[in-house]
């Protein structure tokens, strides 16, 4: 399994090590990285003037943002076959095994069951048709993530150990770059339904996610992973939440989505003003004391579009979409 990408600080240390004629192995020991990671980094980015940390970081960000076709987008026949089998209620494992055994030689390709699951839960964004999750046995619209028993957090509460908002980068507080997010749940009547709300601090851009079942910790983790998958990886900088028990899986979220998670002080909603004010605006479209389960994914996308394209006084009468898209373009 691949590790985390090198950070800019690590690349700066590599550049300093190169300037001091240090070997790749000694640089790797200082960074706590595998020697092969450092050697590959140097081989990829050694230019005529030597290794440059800034140039290497820029290349890495460009590579991450480059669009890549999935196997279903590259092979239409494979996608059609998988869709037909799913509509016939065959499981992804059955489809994968029979393709590997050559039961369908006309298809001429194989695919793992995990890849099929990822295509299904991408909801139309990975080469498979939208809505195929309803053909699976459990019919979940998002994948349920399970934590092994050995990784259960230990601590005084359901959150275990966590980082408080005071440790959040200064750039998040200053609203000088997109990618620093604030999130929360808005809850429906009798606490029986909920919607995830996530706002970008700099642009006030909104993302929403619903729950196909309950809104406990496992469901919140699954919903947030799916929601953050809609945000470019390099713009998942920080996420700030209140200390609700629904975020018991914050450590796993940080790993799965590649984002740093912070928590506000108890009973301090003013520490997450973007989300609190944004939820007040959202309540115009999903009223308090109502059943939030009636809102489909299509409904939520329409609400997102309405709020994100609405001129806002706090944005000097610009729109969240305009500011966010400009921020994305500036970092791509």
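For this structure, a couple of remarks:
- The residue that is modelled with the highest pLDDT, among those in segment 67-113 that are within 15 Å of residue 132 (Cβ to Cβ) and exposed (fewer than 12 other Cβ atoms within 10 Å of the Cβ), is 84.
- When residue 269 is tested against the conditions (1) loosely packed, with under 12 Cβ neighbours inside 10 Å; (2) free of Cβ contacts under 8 Å to residues at least 60 places away in the same chain; (3) farther than 16 Å from residue 321 by Cα, the lone failure is (1).
- From 59, 44, residue being loosely packed, with under 13 Cβ neighbours inside 10 Å and part of a helix (DSSP H, G or I): 44
- Criterion (modelled with pLDDT of 95 or more, in contact with a strand residue (DSSP E or B) (Cβ under 8 Å, 6 or more places away or on another chain) and over 22 Å from residue 125 (Cβ atoms)) met by exactly one of 215, 180: 180
- Any hit, segment 83-103, residues being part of a helix (DSSP H, G or I), within 24 Å of the chain's Cα centre (by Cα) and within 26 Å of residue 141 (Cβ to Cβ): yes
- Residues satisfying the stated conditions in segment 1-17, i.e. out of contact with any helix residue (DSSP H, G or I) (no Cβ under 7 Å at 6 or more places or on another chain) and in a helix (DSSP H, G or I): 9, 16
- Summed over segment 47-56, residues that are free of Cβ contacts under 8 Å to residues at least 12 places away in the same chain and in a loop (DSSP other than H, G, I, E, B) total 2.
- Taken over segment 254-283, the criterion of being assigned to a helix (DSSP H, G or I), under 21 Å from the mean Cα position of the chain (by Cα) and over 21 Å from residue 304 (Cβ atoms) is satisfied by 254, 255, 256.
- Scope segment 194-217; condition more than 16 Å from residue 247 (Cα to Cα) and surrounded by 20 or more Cβ atoms within 10 Å (Cβ to Cβ); matching residues: 199, 200, 201, 202, 203, 204, 205, 206, 207, 208
The values are calculated or read from the model by the stated rules, or taken from the named source; none is laboratory data. Since the model is a prediction, treat every value here as computed from it, not as a measurement. Quick reminder, even Gly has a Cβ in these numbers, built from the backbone with ideal geometry, and neighbours come from all protein chains shown.
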